[in-house]
Amino acid sequence: MENNKTTRTWLNNFGLNHPLVIAGPCSAETEEQVLKIAHGLKNSNATILRAGIWKPRTRPGNFEGVGSIGLKWLQKAKQETELLTATEVANKDHVKLALEHDIDILWIGARTTVNPFIVQEIADTLEGTDKIVLVKNPINPDLSLWLGAIERLHSKNIKNLGAIHRGFSSYEKTRYRNNPEWQIAIELQNRLPNLPLILDPSHIAGCRDIIFELCQTALDLNYDGLMIETHHNPDNAWSDAKQQITPSSLIKITTDLKVRKATNNEANFRNSLDMLRTQINLIDSKLIETIGERMKIAKKIGALKKEKNVAILQNNRWNEILEKIVIEGKQNNLSEEFILKIFKAIHQESINQQINLH
């Protein structure tokens, strides 16, 4: 479907002069809550009200959603506010119920995207639908799984497709709940340039403090929209309280975001340049994080050497590293001179870190 241009039509049909905004609570809790949030969003840039009806949870015992009764609350919210409605579907039964209640947009969650069997069942149930179907990236950083889910839906003549980037799980603790791994979403854009791409900053952040920063990065990377969890009383939300914001905060965020619009060749050039520079900034940050992790390991090695009274500089080991990285550098079109300069500097910093332990 790489050359299929019909996928973008549904987004263009909204006729918006700003990125698409999908907003609403992580979970529908009560009818009153859903309606209150919907009315709070009515005067914002949000076009679509989202709410989780069925909540797949990592461990049992947590709130798992109100079930199909919540679909009626979404219907009522649409009647009162004219916002379109969206919810997550995790199996064919969810799909059937959502269609019966005329939900406008269905999304497939990260835990479902990893399972081709369930994705295929959902695709079979939705075959030929004109509903908008959005696919979240899988939990693990696997572009093929993400592409595969989209392709299964497209093969069933579902043309109104889009992707949601919600970040990827990692065993290592970082500042994010789910690591963005921007390069995977960028590669998805390269593979499917006509597929609308939407950021879910709430699940990447895990807290409300960095949602604006993530949204701005997404717009700098030419994303088409944002899905932001919004609640009238976030601190008392029944699920994911820390990552939800109020409707008024959403309005401020969308007002403060800088959207770059292409109106002529010069603007196209500037937009392309800004997007590429943003990609470089993200890679630079990743490089610094990786080097920082390397130095932590170097310090652990230094501590072991100190304990065993072993010399810091081990020439055999250093020569092995140099030989290996020169070969890998050439495989990546990097000159030997450049690679040696970088790794000699890294090696010197590693030695300095270990010396400071002695």
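Could you list all residues from the range 176-218 that are of a type in the set (S, T, N, Q), touching a Phe, Trp or Tyr at 6+ places or on another chain (Cβ under 6 Å) and either within 18 Å of GLN279 (Cα to Cα) or not assigned by TED's automatic domain parsing to the domain that holds ASP235 (or both)? Show your work before the answer.
Step one: list which residues in the range 176-218 are of a type in the set (S, T, N, Q), which gives 178-179, 183, 189-190, 194, 202, 216-217.
Retained after the next criterion (residues that are touching a Phe, Trp or Tyr at 6+ places or on another chain (Cβ under 6 Å)): 178-179.
Matches in the range 176-218: ASN179 only.
Give, as residue ranges, the helices (runs of 4 or more DSSP H) completely inside the range 243-346 that count at least 2 residues that are in contact with a Gly (Cβ under 9 Å, 6 or more places away or on another chain) and either modelled with pLDDT under 85 or assigned by TED's automatic domain parsing to the domain that holds ARG50 (or both).
Numbers: elements: 247-256, 265-308, 315-331.
The helices (runs of 4 or more DSSP H) meeting that bar are 247-256.
How about the range 27-70: which of its residues are buried (at least 20 other Cβ atoms within 10 Å of the Cβ) and acidic (Asp, Glu)?
GLU29
Go through the range 222-264 and give me each residue that's free of Cβ contacts under 8 Å to residues at least 60 places away in the same chain and surrounded by 20 or more Cβ atoms within 10 Å (Cβ to Cβ).
ILE245, ILE253
Looking only at the range 74-93, count how many residues are buried (at least 24 other Cβ atoms within 10 Å of the Cβ) and assigned to a helix (DSSP H, G or I).
Here the count works out to 2.
How about the range 287-305: which of its residues are within 14 Å of ILE351 (Cβ to Cβ) and basic (Lys, Arg)?
Matches in the range 287-305: ARG294, LYS299, LYS305.
Could you identify the single residue in LEU219, LEU195 that is in a helix (DSSP H, G or I), of a type in the set (A, V, I, L, M) and either touching a residue at least 12 places away in the same chain (Cβ under 8 Å) or surrounded by fewer than 19 Cβ atoms within 10 Å (Cβ to Cβ) (or both)? It would help to see each step written out before you state the result.
Details: LEU195 fails: in a helix (DSSP H, G or I).
When all the criteria are applied, what remains is LEU219.
When both residues are 6+ apart or on different chains and their Cβ atoms are under 9 Å apart, which pairs have a first residue that lies in the range 339-354 and is without any contact (Cβ under 8 Å) to a residue 40 or more places away in the chain, and a second that is acidic (Asp, Glu) and in a helix (DSSP H, G or I)?
ILE339/GLU328
For the structure I just gave you, tell me whether GLY24 is at pLDDT 90 or above, within 20 Å of the chain's Cα centre (by Cα), crowded, with 19+ Cβ neighbours inside 10 Å and at positive phi. Can you show your working first?
Values: at pLDDT 90 or above: yes; within 20 Å of the chain's Cα centre (by Cα): yes; crowded, with 19+ Cβ neighbours inside 10 Å: yes; at positive phi: yes.
It is true that GLY24 is at pLDDT 90 or above, within 20 Å of the chain's Cα centre (by Cα), crowded, with 19+ Cβ neighbours inside 10 Å and at positive phi.
Does the range 120-155 hold any residues that are over 19 Å from the mean Cα position of the chain (by Cα), surrounded by 22 or more Cβ atoms within 10 Å (Cβ to Cβ) and closer than 19 Å to ALA185 by Cβ, and which are they?
Of everything in the range 120-155, just one residue is over 19 Å from the mean Cα position of the chain (by Cα), surrounded by 22 or more Cβ atoms within 10 Å (Cβ to Cβ) and closer than 19 Å to ALA185 by Cβ, namely LEU153.
Across the range 54-101, which residue is nearest to LEU16 (Cα to Cα) among those that are β-branched (Val, Ile, Thr) and at pLDDT below 95? Working first, answer last.
Step one: of the range 54-101, the residues β-branched (Val, Ile, Thr) are 58, 66, 69, 81, 85, 87, 89, 95.
Filter once more, so that each one left must be at pLDDT below 95: 58, 66.
Working: THR58: 36, VAL66: 32 Å.
Checking each candidate, the answer is VAL66.
Conditions: (1) touching a residue at least 24 places away in the same chain (Cβ under 8 Å); (2) farther than 14 Å from ALA110 by Cα. GLY167 meets all but one. Number of the miss?
(2)
The values are calculated or read from the model by the stated rules, or taken from the named source; none is laboratory data. Treat the numbers as computed from the prediction; the structure is a model and nothing was measured. For neighbour counting, all protein chains shown are included, and Cβ atoms are generated from backbone atoms with ideal geometry for every residue, glycine included.
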